[in-house]
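Scroll down for the structure; my scribbles are underneath it.
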Amino acid sequence: MNNSLKTIAFISGIVILAYGVYTLFKPETQISIGDVDLIETQDNTNSYITIAVGIVIVALSSIIGKK
């Protein structure tokens, strides 16, 4: 049971980390109408939080089985 919990935590941490990196680097929305460029600025706060949570879960999964 402990080994399966460790594996599930590790895989979910990697998935969350990958999603955070994806949202950090995905292209910004840009609309061009003639000479006017409308660019939606990207707020990366949620991406940083998601990456941090993924790193914490991966780190905890490596500590779970050590006693």
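The values are calculated or read from the model by the stated rules, or taken from the named source; none is laboratory data. Here the structure is a predicted model, which means the values were calculated and not measured. Don't worry about glycine lacking a Cβ; one is built from the backbone with ideal geometry, like all the others, and counts go over all protein chains shown.
Descriptive notes on the structure:
- A search for C-beta distances below 8 Å between a residue of segment 1-23 that is farther than 10 Å from VAL58 by Cβ and any residue that is of a type in the set (Gly, Ala, Ser) and outside any helix (DSSP H, G or I), counting only pairs 6+ apart in sequence or on different chains, returns ASN2/GLY65; ASN3/GLY65; LYS6/GLY65.
Residue by residue, here is whether (1) at pLDDT 90 or above; (2) over 11 Å from the mean Cα position of the chain (by Cα); (3) β-branched (Val, Ile, Thr) holds:
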| site | (1), (2), (3) |
| --- | --- |
| PHE10 | yes, yes, no |
| GLN30 | no, yes, no |
| ASP37 | no, yes, no |
| TYR48 | yes, no, no |
| ILE55 | yes, no, yes |
